[in-house]
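These notes concern the structure reproduced below.
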């Protein structure tokens, strides 16, 4: 096993695994596109952590060989990010650099590599500053959402092992890397073929769910008693390349009718903070009570970011037959795709995804989103539950059926 050390980050991938990882990410980016291929001289950004360069280098080389215009953007190291939120005033927080808007208006693709050197460096920062940043940069996200709905932009996201991630997850860096290798099929002879099989199987489940005309979904477990109304003009979708790995099937319910109790038994690392045992009680679509065994103040402030932050934006289930993820990873990308013994269920509070609109996303205007109950918050925060659970659906014709139990869809 080849080990490379870059600025204190120990890497545990072989050269062949790096090549496969890069191939999978480029495939994931392309598989979302109507013509399935990047066109020569399109603009693709690689967003990478300053401490990690090995995977970035391989992706960059492969994209150049495809005649792609590659832009590189480094995430700030933990100390710089902490200084920024500690020192910057409100005007500096809301500052958007000249050319940023114009850059994203020409972007065709985006590959983001997450390899944090710290997970809790912002724990003493006023979360209102973090929320202000998210609100200020929503206009940039809106540009990308519009381009994505027009078929001009696609993205994918992945993770890379670091000491901070592995320590938080209770593993060595080598063990953590092994979990990524397993989850992303990087030891398969042909990982892309394996992902094609997964996406094909998820596609069958999506087609089945969309054929049912579901009105409401009710989740029950030892800690959950939770119900959502799917809403009009909705469809079930999956990551299908937007995240690697991605095994979830999800929709974005009508936020106005969520009710009951959600409980997250998997810890959440978010915006440089750690929260545990998050419990949210919903009534008439809104969180009316929030508790946590750790960092409840952070959760409460996050829920007050804007009008949509305390309302649902996503409802997702993971079938254990597909996901190889069976350990806590201290990483939303992996924890939201947990397979394990019972599969998993997660929600997100905040922003909905336009892809769950059962129509042409280009027609999903702001006024139509409001009419249909699509959440337009500046944030999107996932929370996860891995308990044994049953999900029952009430169909629009009044019939009730079980769609998920024992960690699997009942297709």
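Can you tell me which of 337, 304, 363 is over 17 Å from the mean Cα position of the chain (by Cα) and farther than 21 Å from residue 134 by Cβ? Working first, answer last.
Numbers: 337 fails: over 17 Å from the mean Cα position of the chain (by Cα); 304 fails: farther than 21 Å from residue 134 by Cβ.
Going through 337, 304, 363 in turn, the sole match is 363.
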Condition test on residue 261, is it part of a loop (DSSP other than H, G, I, E, B), more than 20 Å from residue 178 (Cβ to Cβ) and in contact (Cβ under 8 Å) with a residue 12 or more places away in the chain? no
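Table: residues versus (1) closer than 27 Å to residue 338 by Cβ; (2) within 19 Å of the chain's Cα centre (by Cα).
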site	(1), (2)
109	no, yes
113	yes, yes
143	no, yes
152	no, no
157	yes, yes
161	yes, yes
184	yes, yes
187	yes, no
191	yes, no
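On the given criteria, is residue 279 outside the structural domain of residue 156 (by TED's automatic domain parsing) and either at pLDDT below 95 or not in a loop (DSSP other than H, G, I, E, B) (or both)?
yes
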Spot the failing condition for residue 313; the list is (1) part of a strand (DSSP E or B); (2) surrounded by fewer than 24 Cβ atoms within 10 Å (Cβ to Cβ); (3) touching a helix residue (DSSP H, G or I) at 6+ places or on another chain (Cβ under 8 Å), and only one is missed. (2)
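One line per residue, one yes/no per condition, for (1) more than 22 Å from residue 202 (Cα to Cα); (2) buried (at least 22 other Cβ atoms within 10 Å of the Cβ):
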position: 325; (1), (2): no, yes
position: 329; (1), (2): yes, yes
position: 334; (1), (2): no, yes
position: 361; (1), (2): no, no
position: 395; (1), (2): no, no
Starting from residues that are outside any loop (DSSP other than H, G, I, E, B) and free of Cβ contacts under 8 Å to residues at least 40 places away in the same chain, keep the ones in the range 393-411 and report whichever is farthest from residue 250 (Cα to Cα). 400
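Which of the residues that make up the range 363-392 are without any contact (Cβ under 8 Å) to a residue 60 or more places away in the chain and surrounded by 15 or more Cβ atoms within 10 Å (Cβ to Cβ)? Break it down into steps so the answer makes sense when it comes.
Initially, the range 363-392 is screened for residues without any contact (Cβ under 8 Å) to a residue 60 or more places away in the chain, giving 363, 365-371.
369 - this is the single residue of the range 363-392 that is without any contact (Cβ under 8 Å) to a residue 60 or more places away in the chain and surrounded by 15 or more Cβ atoms within 10 Å (Cβ to Cβ).
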Do we have residue 58 as part of a helix (DSSP H, G or I), closer than 22 Å to residue 183 by Cβ and within 22 Å of the chain's Cα centre (by Cα) here? no
Of the criteria (1) in contact with a strand residue (DSSP E or B) (Cβ under 6 Å, 6 or more places away or on another chain); (2) more than 17 Å from residue 47 (Cβ to Cβ), which one residue 118 fails: (1)
Residue list for the range 247-271, restricted to those being over 16 Å from the mean Cα position of the chain (by Cα) and at positive phi: 260
Of those in the range 73-94 that are in a loop (DSSP other than H, G, I, E, B) and in contact (Cβ under 8 Å) with a residue 40 or more places away in the chain, the residue surrounded by the most Cβ atoms within 10 Å (Cβ to Cβ) is 77
I want to confirm something. Restricting to the range 185-212 and keeping residues that are out of contact with any helix residue (DSSP H, G or I) (no Cβ under 6 Å at 6 or more places or on another chain) and not in a helix (DSSP H, G or I), which single residue is surrounded by the most Cβ atoms within 10 Å (Cβ to Cβ)? 212
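The values are calculated or read from the model by the stated rules, or taken from the named source; none is laboratory data. Computed from a prediction, not measured in an experiment: that's the story for all the values here. Please note: Cβ atoms are built from the backbone with ideal geometry, for glycine as well, and neighbour counts cover all protein chains shown.
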